[in-house]
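Novice: What follows is a single structure, and I will ask about it in a moment.
The values are calculated or read from the model by the stated rules, or taken from the named source; none is laboratory data. In this text, all values refer to a predicted model and were calculated from it rather than measured experimentally. Here the Cβ positions follow ideal geometry from the backbone for every residue, glycine too, while neighbour counts run over all protein chains shown.
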Amino acid sequence: MMNTQNVISGADLRQTVNRLVQTAPVTDMHTHLYAPEFGELLLWGVDELLTYHYLISESFRWSEEDYDLFWSMSKREQADWIWKRLFIDHSPVSEAASGFITILDRLGLDVSTRNLDDYRQAIASRTVEEQVDTVMQIAGIEKIVMTNDPFDPVERPVWLAGNGKSDPRFYAALRVDALLNDWPHAVSELQALGYEVQAEWSQRTQAETRRFLKEWIVRMDALYLAVSMPGDFVYPADDHRSSMIDDVMIPVCQEQKIPFALMIGVRRRVNPGLKLAGDMSMLSDVSAVEALCRRYPEQKFLVTMLARENQHELTVLARKFRNLMIFGCWWFLHIESMVEEMTRFRMELLGTSMIPQHSDCRVFEQLIYKWEHSRKIIGTVLADKYERLQQSGWQVTEDEIKRDLDDMLNRNFWRFLGK
């Protein structure tokens, strides 16, 4: 029986949902952030925020200057250049630009002064540890899942020294992009690390690649394997990717009892002059995910896709396979209009049995605006659904609202992992 003392009246329902969604603890299950132990890999501060690749590409819409001139500047000069074009010469109304203003405001800085040097000095006066603590508190983030690459020459020594798991708030996800998308590079890296692999897909190469993954999963205590796939990813196919998935990825994931996360739909460097900022979205074939889920019913898959056109089909697919967990509004979809659209039809098709959002942050302070904006939308959509229930006579309690929010923002991820 329901505890009727905890039932929320119609007039208070939306206000209660909005209050609870702002304070619900979050596990950010996919980011490009790092714990302080990783040193220079942890990006933070004003200049890193302003030179985020979203703002770089947006700035060039207001400039005829040569790309090489921009890349020849120092980080501070690049930040000044972007600040002038997007914040002084024009109003910062895009998601990424307005998000920067949200960050400054929530950190207690006076955005009305438009004094960039003051903002720099205020944030730089803190230690990285202080800033991490402050940002996580403001954003309401309890746990952060990093993206970790053993082939990264800066990151690898941290793990080999045993320092990668020093901060209990941070968790690892093992990135496997090179193994699937750039096998010649992966071969050279594996050989340099002492693994007996060759370009040919021999039994020995397969075994050594599996050994590499298992050793690094254990070393990192990795929660899942992760890869970004191009939009033309096909499975099954007579190609290296399918062989790697069938012979290495799935067997290792099953042995280690971890999910395989696929982020599908990127098209790299359509404008090479912009470097990382020159990547593009691409329509994908959802049937590749369908085939994986059907062939490996005991293997769990975390999946997000980049093209808007793929979202509804992917959500319907998740209704059919319980080993599929869709997550987040990735990259170019992490704008308020898309977050709302996707959250609505996901909730209408899946209820609360999905992970509505992840931040995908690269710069630490981005946690503030990305989660503030997303929380508001998730709360609005959830309140609409509760109000419809209430109009039909179904009463909602505060405990039930807390439960539903905790499922979507925290527990669904850990439950899917079996933890």
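Novice: What is the residue count in segment 167-206 for residues that are under 20 Å from the mean Cα position of the chain (by Cα) and either in a loop (DSSP other than H, G, I, E, B) or at pLDDT below 95 (or both)?
Specialist: 6
Novice: If residue 395 satisfies all but one of (1) in contact (Cβ under 8 Å) with a residue 60 or more places away in the chain; (2) surrounded by 17 or more Cβ atoms within 10 Å (Cβ to Cβ); (3) not in a helix (DSSP H, G or I), what's the number of the condition it fails?
Specialist: Looking at each condition in turn, residue 395 falls short on (2).
Novice: Something else about it: Restricting to segment 283-315, give me the number of residues that are assigned to a helix (DSSP H, G or I) and not hydroxyl-bearing (Ser, Thr, Tyr).
Specialist: Residues that pass the stated criteria total 15.
Novice: A further question follows. When only residues in segment 209-221 that are within 22 Å of residue 192 (Cα to Cα), in contact with a strand residue (DSSP E or B) (Cβ under 9 Å, 6 or more places away or on another chain) and not aromatic (Phe, Trp, Tyr) count, which is surrounded by the most Cβ atoms within 10 Å (Cβ to Cβ)?
Specialist: In this case the residue turns out to be 213.
Novice: Here's something else I'd like to know. Quick one: what pairs do we get from segment 294-312, first residue under 16 Å from residue 356 (Cβ atoms), second polar (S, T, N, Q), C-beta under 7 Å, 6+ apart or different chains?
Specialist: Once the first residue is under 16 Å from residue 356 (Cβ atoms) and sits in segment 294-312, its partners that are polar (S, T, N, Q) give 305/284; 305/311.
Novice: Show the residue pairs meeting these rules: Cβ distance below 6 Å; 6+ apart or different chains; first residue within segment 111-133 and exposed (fewer than 15 other Cβ atoms within 10 Å of the Cβ); second residue not in a helix (DSSP H, G or I).
Specialist: Short answer, once both residue conditions are applied: none.
Novice: Go through segment 316-346 and give me each residue that's over 21 Å from residue 28 (Cβ atoms) and either part of a helix (DSSP H, G or I) or under 12 Å from the mean Cα position of the chain (by Cα) (or both).
Specialist: 316, 317, 319, 320, 337, 341, 344, 345
Novice: Name the residues in segment 25-58 that are under 20 Å from the mean Cα position of the chain (by Cα), surrounded by 21 or more Cβ atoms within 10 Å (Cβ to Cβ) and of a type in the set (A, V, I, L, M, F, W, C), would you?
Specialist: Residues satisfying the conditions are 26, 29, 33, 35, 38, 44, 49, 50, 55, 56.
Novice: Is it true that some residue in segment 357-374 is assigned to a helix (DSSP H, G or I), modelled with pLDDT of 95 or more, under 21 Å from the mean Cα position of the chain (by Cα) and surrounded by fewer than 21 Cβ atoms within 10 Å (Cβ to Cβ)?
Specialist: yes
Novice: Considering segment 116-140 alone, what residues qualify as being assigned to a helix (DSSP H, G or I), of a type outside the set (S, T, N, Q) and closer than 21 Å to residue 375 by Cβ?
Specialist: The answer is 132, 133, 135, 136, 138, 139.
Novice: On to the next question. Could you look through segment 29-44, keep only residues that are in contact with a helix residue (DSSP H, G or I) (Cβ under 7 Å, 6 or more places away or on another chain) and hydrophobic (A, V, I, L, M, F, W, C), and pick out the one that is farthest from residue 103 (Cα to Cα)?
Specialist: The residue in question is 38.
Novice: Ok, one more. Evaluate the following for residue 13: is it under 29 Å from residue 226 (Cα atoms) and either loosely packed, with under 14 Cβ neighbours inside 10 Å or touching a residue at least 40 places away in the same chain (Cβ under 8 Å) (or both)?
Specialist: So residue 13 fails the test.
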